[in-house]
Amino acid sequence: MIFTTPHCFFSCSTSLPFSLSKKPSFFLSKKPRLSTWVSSRTRSSSLCTASLITSPDSFEVGRLIGSYGFMNVTSYSGFQSGADLEFSSGDLGQLRVQDVGEGSVKIRLYEGRIAQGPFKGTPVIFKVYPGQRAAGIEADMMAANELNAHAFLQSSSEGICKNLLLLLGGFETKTGEQWLAFRDNGKYSAADFAKATSEKISRARSLQEKPWNPFEQEQAFKRRTYFVIRLFQGAMNGLAYMHNHERLHQSLGPASVILNTIVERDAVYLVPKLRDLAFSVDISFSSLEEGPSTFSEDLWRRASSAGAFTPMERRSFGIADDIYEAGLLFAYLAFVPFCEAGIMDSLSLQRLLESTFKLDVMATREYCLADDRLLEAVKFLDLGDAAGWELLQAMLNPDFRKRPIAEAVANHRFLTANVL
């Protein structure tokens, strides 16, 4: 799930074909409208959720800042989720042998701000889903699911989770596009951080630059380690909040974690936030007893194949499935930011773990030790007497019943102890 800011794979028009006089009617006719949904589910909720802004007049739209689409990798059996994966142009060169099918939903991102009311001037990021005419009913279903997931999570009596992106409102245009407005807490993602960092390593090691001195190299490693640990722990805190409130993420990846900074020296101010809840699944027992929905059908099919049949077993499987995706995210953060650009990418890393070494993490370590280009990643996971490898193995355990819950991951000694 790669969020692209400087490079857009899809060409997008910057014209804004909506009428400010149009009344917002949210999404599918079979789905509750925004106003109805909020009033029926959040009567005792926080002020922020209860006051979701639904009028186009309340927003000002700025420049287009990026776009992304979805893909299905059909020839590679190692993937654990049937949900579509988000991609950008930068990933296409890395899809060497897989068969890739492009999805019909292309999402655009715009800057903006709230133009009136008590929150006037608040910066926002618009996530724009195409209308049914352009993308069919799938786009409306994704937009409705994302809105409902955010509104439900923001209605908790525990207050707003600092590690989840905050939905401020949204509206529908004359052409049927669904515009969701999120608080602008940063335009960079974990994928952007990893890409920028790996490119920095490549520049530092190139012939055009002087070699690092050992002291500065060690300090840079420590700064990067601290940043990555804070990034991943924040993401896991957000996931733990979702699971504790009966929601799965189901599309967790490096681009679904946004960052307010990618400067390693500013790690103490880093606040990671999860986004992209379009494939989120309700795992409350009432929902599980109702049967599968559009976004949970494949999940529960895989649950049955794994021997999870009762509502309790399916709920456990769903949580473990999110943890597996989080484990792949952890592997990505352990390798890509610690290697030169182009040495490792998410698909190659997943193939290495799943297909080559059949999720035997320590065998993967032995392989990586033989490649000088991967030694910094090994060094990172070796911290705390190989605590990183221990955590990675637990999250990628082939038996879903043995994977830790998100809260246990966030409190693992690799993320909480002073491994440096």
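The values are calculated or read from the model by the stated rules, or taken from the named source; none is laboratory data. Note that this is a predicted model, so its numbers are computed, not measured. Cβ atoms come from the backbone with ideal geometry, glycine included; neighbour counts cover every protein chain shown. Accessible surface is based on the protein model in full, side chains and every heavy atom, while ligands, DNA and RNA are left aside. Shrake-Rupley method; radii C 1.70, N 1.55, O 1.52, S 1.80 Å.
Kirkwood Rh, segment 344-390, all Cα pairs: how many Å? After inverting the mean inverse Cα-Cα distance, the result is 10.9 Å.
On the beta carbon distance between ARG265 and THR122, with R0 = 22 Å, the FRET formula returns roughly 0.20.
Phi angles across segment 271-276 convert, under the Karplus curve 6.51 cos²θ - 1.76 cosθ + 1.60 with θ = phi - 60°, into 3J(HN,Hα) values of 10, x, 9, 7, 9, 6 Hz, Gly and Pro given as x. Using θ = phi - 60° in the Karplus curve 6.51 cos²θ - 1.76 cosθ + 1.60, the 3J(HN,Hα) couplings for segment 374-390 round to 10, 5, 5, 5, 4, 4, 4, 6, 6, 4, x, 6, 6, 5, x, 5, 4 Hz; x is entered for Gly and Pro. Here's how it looks for THR261: its modeled amide H is under 5 Å from those of VAL271, which are all 5 or more places away or on a different chain.
A Förster radius of 41 Å combined with the Cβ-Cβ distance from SER284 to ALA204 puts the calculated FRET efficiency at roughly 0.25.
Given the pairs LYS222/LYS402; LYS127/LYS174; LYS120/LYS187; LYS273/LYS358; LYS195/LYS222; LYS106/LYS162, which span a C-alpha to C-alpha distance of over 26 angstrom in this model? Kindly include the intermediate steps, with their values, before the conclusion.
Values: LYS222/LYS402 31 Å; LYS127/LYS174 16 Å; LYS120/LYS187 20 Å; LYS273/LYS358 31 Å; LYS195/LYS222 18 Å; LYS106/LYS162 28 Å.
Exceeds cut-off: LYS222/LYS402; LYS273/LYS358; LYS106/LYS162.
Positive contributions from Lys and Arg (+1) and negative ones from Asp and Glu (-1), summed over other residues with Cβ under 14 Å from the Cβ of ASP321, come out at +2.
The label-point distance for ALA408 and THR356, in a model that sets each label 7 Å from Cα toward Cβ, rounds to 2.9 nm. In sequence order, segment 251-261 has phi-based couplings of 8, 6, x, x, 8, 8, 10, 9, 10, 8, 7 Hz under the Karplus curve 6.51 cos²θ - 1.76 cosθ + 1.60, θ = phi - 60°, and Gly or Pro positions carry x.
Within the set of other residues whose C-beta is less than 14 Å from the C-beta of ARG373, count the net charge using Lys and Arg as +1 and Asp and Glu as -1. After counting each charged neighbour, the total is -3.
For q = 0.17, 0.19 Å⁻¹, what log10 I(q)/I(0) does segment 295-420 give under the Debye formula with an equal point scatterer on each alpha carbon and no solvent? At q = 0.17, 0.19 Å⁻¹ the computed log10 ratios are -0.89, -1.05.
Each peptide in 332-338, 395-401, 171-177, 263-269 was scored by the mean count of other Cβ atoms within 10 Å over its residues; highest first, the order is 332-338, 171-177, 395-401, 263-269. With all protein chains kept in place, the per residue accessible area of segment 188-416 amounts to 41 square angstrom at a probe of 1.4 angstrom.
May I ask for the Rg/Rh ratio of segment 188-416, computed from Cα atoms with Rh as the Kirkwood radius, given to two decimals?
Value, to two decimals: 1.00.
Would you work out what percent of the accessible area of segment 188-416, with all protein chains in place, is carbon or sulfur (probe 1.4 Å)? Heavy-atom surface of segment 188-416 belonging to carbon and sulfur, 1.4 Å probe: 53 percent. For segment 117-170, the solvent-accessible area works out to 38 Å² per residue, with a probe of 1.4 Å and every protein chain left in place. Length, then width, then depth: along the principal axes, the Cα atoms of segment 102-225 run 58, 39, 26 Å.
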